[in-house]
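Colleague: Dumping the structure here so I can ask a few things about it.
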Amino acid sequence: MLRGFYTAASGMMAQQRRIEMWTNNIANANTPGYKSDQAALRAFPELLLSRLDKATVPTKTPRSFPLQPTIGSINTGVYMQELIPNFRQGDIKETGQPTDIALINGTLPVDAETGKEGTLFFVVQNENGDIRYTRNGNFTLNPQGFLTTNDGWYVLDENGRRIQLPSTNFTVNADGTIVANNIRIARINIAFAANPNTLVKEGNGLFRSENGVLPSALGNPNITYTLKQGFLERANVDLNRAMTEMLSAYRAFEANQKIVQAYDRSMDKAVNEIGRLK
């Protein structure tokens, strides 16, 4: 009976984490460039139960040791193995802000391992020189004129340098070239991830690569993309699906909760009534 407690409790924990995931997706539905998470649930290994007595199992060939009669297998519960971001392109909306830049995927190579297309990212850097990747093009100019994210991460150019602009009066061409006062300032670097699922999601729209620096998409004839100034990529959260999945997870949580309560009542009866000596 205690195994039933563990199985139902693990189901409650898994569904609780699913609810938290869908709640986070809904909360970021208006975050530019946000990539919604998907849950991967997995069952714990099954156990094969056997009777604990001296009975043997008839076999065609003689054995030097007796076999315990098997009862059957039992599942030991479920857990959330990982969160997998969905890198599908979000809708594009116009903002009219010159520092807003939308990254629109074009033709992208298909990864041989996953059978899916890769994806593109802006390359950003913090004060310590750490490199991260983002789809959030809601940029701004800091007091020194550097193009940064709202969290202060510097946007890098094709040479890995920070982009400094004379004013907000600048133009971003489709290939990422920035022009101000008829002078070419820089070209925004775009990184390509063949398998974006290998990236680690850090929050605030940032992703970290644990396999070294991602290669640049610039100059790759197999990759096409477009940058649109004054536009933003919206979050790819499907609100209708998110609400439906969250309610489904909540109902599953309630079902496991009732199972735990039923086991609790059974244990209470076994201890206080069946086991009572008269």
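Values quoted throughout were computed directly from the atomic coordinates according to the rules given, and no laboratory measurement underlies them. Just so you know, these numbers come straight off a predicted model, no measurement behind them. Cβ atoms come from the backbone with ideal geometry, glycine included; neighbour counts cover every protein chain shown.
Colleague: Within straight cross-link reach of LYS116, meaning Cα distance under 18 Å, which aspartates and glutamates are found once same-chain residues fewer than 8 apart are removed?
Modeller: Leaving aside aspartates and glutamates fewer than 8 places away in the same chain, those within reach of LYS116 are ASP37.
Colleague: Suppose R0 equals 22 Å; then what is the FRET efficiency for LYS93 and THR23 from their Cβ-Cβ distance, rounded to the nearest 0.05?
Modeller: Efficiency at R0 = 22 Å is approximately 0.40.
Colleague: Still on this structure, I have one more. Can you give the extra length, in nm with one decimal, that the chain gains between LEU41 and GLU113 once fully stretched, where that is 0.36 nm per residue apart less the Cα-Cα distance? Could you put the intermediate results ahead of the total?
Modeller: Numbers: separation 72, 0.36 × 72 = 25.92 nm, distance 2.16 nm.
Fully extending the segment from LEU41 to GLU113 adds 23.8 nm.
Colleague: Turning to a different aspect of this structure: So what's the projected area for the stretch 83-124, the Cα convex hull averaged over all directions, in nm²? It would help to have the intermediate numbers written out before the result.
Modeller: Details: hull surface 18.5 nm².
Taking a quarter of the hull surface, the average projection is 4.6 nm².
Colleague: Let me ask you something else. Less than 15 Å from a label point 7 Å out along the Cα-to-Cβ axis of ASN128: which backbone N atoms in the stretch 142-165 qualify, by residue?
Modeller: In the stretch 142-165, the label zone of ASN128 (backbone N under 15 Å from the point 7 Å along Cα→Cβ) covers 153-154.
Colleague: Working from the pairwise distances between different alpha carbons, so that the mean of 1/r is found and then inverted, what is the stretch 203-278's Kirkwood radius in Å? Could the numbers behind the result be given before it?
Modeller: Details: mean 1/r = 0.0516 Å⁻¹.
It is 19.4 Å.
Colleague: Also: Taking just the alpha-carbon atoms of the stretch 146-278, what radius of gyration and Dmax come out, in angstrom?
Modeller: Calculated on Cα positions, Rg and Dmax stand at 27.4, 99 Å.
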